[in-house]
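Worksheet: the structure to be examined is printed underneath.
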Amino acid sequence: MENINRSIQCSVEECIHHCRNCDYCSLDKIRVGKHEKSPSEEQCTDCRSFTAKYSY
Ligand code: SF4
């Protein structure tokens, strides 16, 4: 069974690192970045460790 990191809550089920049945990440650590020059709200930040489950 894969790791469940209870320090990293996440609801992105489309990510290969997501724990499927629970809302946590399975990685030991993640990298978070921004896609706005000066972020002003949470939507301006991104998980840089995201890997899509499926690639088309
Ligand atoms: S790598 Fe990022 S997006 Fe993927 S499950 Fe972990 S925290 Fe969520």
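The values are calculated or read from the model by the stated rules, or taken from the named source; none is laboratory data. Not measured: the values here are computed from a predicted model. Here the Cβ is made from the backbone with ideal geometry for all residues, glycine too, and neighbour counts use every protein chain on show. All accessible areas refer to the heavy atoms of the entire protein, side chains included, with ligands and DNA or RNA removed. Shrake-Rupley method; radii C 1.70, N 1.55, O 1.52, S 1.80 Å.
In the stretch 17-28, the qualifying residues are those that are touching a residue at least 24 places away in the same chain (Cβ under 8 Å) and more than 6 Å from the ligand (Cβ to nearest atom), and the one that is least open to solvent (accessible area, probe 1.4 Å) is Ser26. Of all residues in the stretch 20-33, those satisfying the criterion of being at pLDDT 95 or above and of a type outside the set (A, V, I, L, M) are Asp23, Tyr24, Cys25, Ser26, Asp28, Lys29, Arg31, Gly33. Cβ separations smaller than 8 Å between residues 6+ apart or across chains give the following pairs from the stretch 44-56 residues that are more than 14 Å from the ligand (Cβ to nearest atom) and at pLDDT 95 or above to residues that are open to solvent by 70 Å² or more (accessible area, probe 1.4 Å) and assigned to a loop (DSSP other than H, G, I, E, B): Cys44/His35; Cys44/Glu36. The listed residues are Glu14, Glu36, and the only one of them that is more than 12 Å from the ligand (Cβ to nearest atom) and more than 9 Å from the chain's Cα centre (by Cα) turns out to be Glu36.
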